[in-house]
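Since the structure comes first, as structure tokens, the remarks are kept for the end.
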Amino acid sequence: MYRKHLIILLCVNVILFACSRKNDTPSLFAGFKAPANFPTTAYDIVKNPVTKEGFELGRKLFYEPRMSRNNTISCGDCHLQTSAFTHHGHDVSHGIDDRLGSRNAPPIMNLAWHPAFMLDGGIFDLDLQPIAPIINPVEMDETMDNVLRKLRGIPAYPELFRKAFGTPEITTARLTKALSQFMVMVVSSNSKYDRVMRGEGMQFTTAESAGYKIFQQQCNSCHKEPLFSDFTYRNNGIGAGPNNDLGRYDITLNAADKYKFKVPSLRNLGFTAPYMHDGRFYTLGGVLDHYTNEIQDMPTLDPLLKGGLRLSATDKEYLLAFLQTLNDTTFITDRRFSEQP
Amino acid sequence: MKVKFVFIYILVISAIVFQACSRKDDVVPTGGGEMSTLSIQFDNIVGAKKLQLNTGAYVNASGETFNISLLQYYISNIKLQDASGKTFVVPQDSSYFLVKEGDGASQFAKVRVPTGDYYTLSFVLGVDSLRNTMDISKRTGVLDPATGMDNGMYWSWNSGYIFFKLEGTSDAVPADPSGQHKFRYHIGGFGGYSAPTINNIKTVTIDLRNGGIPRVRAGRQANVHLMVDVLKVFDGNTRVSLAKNSTVMFSDFSTLVANNYVNMFFHDHTEN
């Protein structure tokens, strides 16, 4: 009899112990894992550990149209997975009531490694990022207050917040942290380039290999491997657009930052046309022609681009072959990142 | 029997676990001594007139007639110095206030301080740079981008708080496309996160001896009555004209406005 008690007691102890451990999820959810060929993250994962429940809540919120004033626009509307979470085919995006923005939607991809967000780097913490599109009059045109109110009124949400954060309260911080948990998980690291680099039994073709050499000589100083951006702000000589977007200057008010924009990653560029901060180039060929023939000299033009790049027609062919190895089809088809039925 | 045993066991263990969870780190006030409430009143005026939203007509130093539809600003990081020169810093988490014209209660910043007589009051007009860069979970109350600040005191596109917001209309302002003659002053800027930029954080220090020192005692609530003269926004080191500057937001010019408005505050009297 006592022995039985002892066994039960032990069992209960085990259960209690299991319950008290944090970030322990019963499933096989692996949480956030940095790819072997990537550096350490800029986002402090320890501050907001990714749990299965938090990730799933973040994903639901990412595809939640109630984020917008009239419940029509979700994050996923301008960040489509099929185009590597950009707004394929749109130079600038149309948000609520088909109002147009002024910049090309950047990809939701490998954001855990970005030290700042937006093309001008105006937002320095991923947890603060979602507020911008929600309250922007041409994107979602909603208030944070009202988003929280709407979510609180839908019975499923308090329960999902409870699962993710322990209690059913829906707060600004929980909302954005759940979105961050989803966004940091949206990692693209399975392109052909990655598999070659990790020695997973793949080789570059002759053309790709030649292109990679050219890339390392001519492009790598800004589009730094393995994320293919050094996350600095540069003027790449495309000249002011029709709306005279001053880019980074709007954030720093430093004249030396005029017309500078964050160096975009080149990953998945096969899926993310059009290119540049205002989507002015429709093809990669057009982009390369810009770098060789059309650089506009301006006071803040990046010194590395003075006089343009020297690339022959064959160089460009090789380079384009290499750039296509940065496309990651597993990323754009990964069911974990898609809207769930 | 067995069930009962297990049940009691679980009950005891859970009690212990819950007890452990519910314990909080108590903040022990530093100043020592008994604590009481000090109220600091921000009484917004326009020159010699009371501020009346929408209906009041005022004239600035440039001779422009205007009215005010919205006025709100952050007061934070309150410090007090007593007769002996000892400074009491109000604990940061209880030291953020959003003063809103049109919301009477918001115009009294109430803080807990050790009992005593205070000669000097200082506070930040705006939000310190540390809080501007803090984790979102630390942005509660008036600092919560959702619930804390109707009419938006946060720049989402350029992460940071708007410290001071003044809006109204004036015939001096050229008509906008909708035909309105609105002016909008949204002043912020904490110095930049990774690249330095404008810093409009202003510390205001006020000698309380002429207007009457607050004598903070247990069971009573002293009230330091400050007048906040909005006309100072338009006059000071820089004469600011509504016709020329109807919209002032994140710009170099905003620093000139902030240098003016730092002089808005004067101590009228204290109710002990």
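The values are calculated or read from the model by the stated rules, or taken from the named source; none is laboratory data. Bear in mind that the values here come from a model prediction, so they are computed numbers and not experimental data. Here the Cβ is made from the backbone with ideal geometry for all residues, glycine too, and neighbour counts use every protein chain on show.
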How about region B:166-207: which of its residues are more than 9 Å from chain A (Cβ to nearest Cβ), assigned to a loop (DSSP other than H, G, I, E, B) and on the phi < 0 side of the Ramachandran plot? B:D171, B:A172, B:V173, B:P174, B:A175, B:D176, B:P177, B:S178, B:Q180, B:H181, B:N200, B:I201
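Looking only at residues that are in contact (Cβ under 8 Å) with a residue 40 or more places away in the chain and not in a loop (DSSP other than H, G, I, E, B) in region A:115-129, which one is nearest to A:P226 (Cα to Cα)?
The extreme case among them is A:L126.
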Pairs where the first residue, in region A:34-63, is closer than 13 Å to A:K177 by Cβ and the second is of a type in the set (D, E) and surrounded by fewer than 18 Cβ atoms within 10 Å (Cβ to Cβ), C-beta under 7 Å, 6+ apart: A:K47/B:D135
Among the numbered criteria (1) crowded, with 17+ Cβ neighbours inside 10 Å; (2) facing chain B (nearest Cβ under 9 Å); (3) more than 25 Å from the chain's Cα centre (by Cα), which one does A:N146 miss? (1)
Can you confirm whether B:Y154 is within 23 Å of B:L226 (Cα to Cα) and either surrounded by 20 or more Cβ atoms within 10 Å (Cβ to Cβ) or within 14 Å of another protein chain (Cβ to nearest Cβ) (or both)? no
Can you name every residue in region B:85-101 that is touching a strand residue (DSSP E or B) at 6+ places or on another chain (Cβ under 9 Å) and surrounded by fewer than 17 Cβ atoms within 10 Å (Cβ to Cβ)? B:G85, B:K86, B:T87, B:V89, B:P91, B:Q92, B:S94
One residue is enough: does region B:146-160 have a residue meeting the conditions of a type in the set (S, T, Y), within 30 Å of B:K86 (Cα to Cα) and either within 15 Å of the chain's Cα centre (by Cα) or part of a helix (DSSP H, G or I) (or both)? no
For B:F163, work out the one condition from (1) within 14 Å of chain A (Cβ to nearest Cβ); (2) within 21 Å of B:T140 (Cα to Cα) it doesn't fulfil. (1)
From the options B:S36, B:S14, residue that is at pLDDT below 95 and on the phi < 0 side of the Ramachandran plot: B:S14
Qualifying position, being buried (at least 16 other Cβ atoms within 10 Å of the Cβ), of a type in the set (S, T, N, Q) and in contact with a Leu (Cβ under 6 Å, 6 or more places away or on another chain), among B:S251, B:S170: B:S170
Residue among A:A105, A:A112, A:A132 that is in contact with a Ser or Thr (Cβ under 6 Å, 6 or more places away or on another chain), hydrophobic (A, V, I, L, M, F, W, C) and not in a helix (DSSP H, G or I): A:A105
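I'd like the full set of residues that are within 12 Å of another protein chain (Cβ to nearest Cβ), among the polar types (S, T, N, Q) and assigned to a helix (DSSP H, G or I), limited to region A:165-185.
Initial filter on region A:165-185 (within 12 Å of another protein chain (Cβ to nearest Cβ)): A:165-167, A:169-180.
Going one step further and asking which of them are among the polar types (S, T, N, Q), we end up with A:167, A:171-172, A:176, A:180.
A:T172, A:T176, A:S180 - these are the residues of region A:165-185 that are within 12 Å of another protein chain (Cβ to nearest Cβ), among the polar types (S, T, N, Q) and assigned to a helix (DSSP H, G or I).
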